[in-house]
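A quick write-up on the structure given underneath.
Computed from the coordinates by the stated procedures, all read-outs in this text should not be read as laboratory data. On a predicted model such as this, the values are computed, not experimentally measured, just so you know. Here the Cβ positions follow ideal geometry from the backbone for every residue, glycine too, while neighbour counts run over all protein chains shown.
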Amino acid sequence: MAVVEESSGEAATIAEQIAGLAQEKGLTVAVAESLTSGEIASRLGAAPEASSWFTGGVVAYASEVKFTVLDVEPGPVVTAQCAAQMARGVARLTGADLAVAVTGVGGPGPDEGHPAGTVFLAVSSGSEEQVAQHRFDGAPPRVVELATIAALQALSTVLVTI
């Protein structure tokens, strides 16, 4: 239990950094989530002055939602390509300057040939995209928490470099 609480604090701290950077640079942020089911949006929405920089997001847990709402090409959804398309799709929908997206396998078993804990995340800043693959150990709630932290860290890193 203490590990999850510690991770929750880390997520909140990174979200506060994102808030400061987004406000300082006058940029807006959006999220597209599958595996994390809104956890990233929840962290960002709780950060300071969120209404001035956080445009919102889409929880696209079902593949069909990814395809129809976020313009992801039909096919496997546990891929780097899907994460990048999700990020571009939510940026388009919300008009955000930056978007982060997460897709993957929370577990407990494998999916689409990937073991539990496989996560793809993408950050899109319009002209540039960064996509990463991670493999997290633990039960599904732990995978979600670690994926949330990784997505927030990736978003923060991109904000620092813009």
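Numerical summary
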quantity	calculated
Distance histogram for segment 27-103 (every C-alpha pair counted, 10 angstrom bins, percent rounded to whole numbers)	24, 54, 20, 2
Distant-in-sequence amide H partners of Phe54 (H built 1.01 Å from N, under 5 Å)	Val29
Label corresponding to Cα extents along the principal axes in Å when calculated from the structure given, among (1) 39, 33, 29; (2) 57, 31, 29; (3) 42, 39, 23	(3)
Net charge dipole size for segment 2-161 [Lys, Arg +1 and Asp, Glu -1 on Cβ; Debye, nearest 20]	200 debye
Which of Ile14, Ile149, Ile40, Ile162 has the fewest Cβ neighbours within 10 Å, and the rest in rising order	Ile162, Ile149, Ile14, Ile40
Ellipticity estimate at 222 nm from DSSP helix runs (n ≥ 4, -39,500 (n - 2.57)) divided over the chain, nearest 500	-15500 deg cm²/dmol
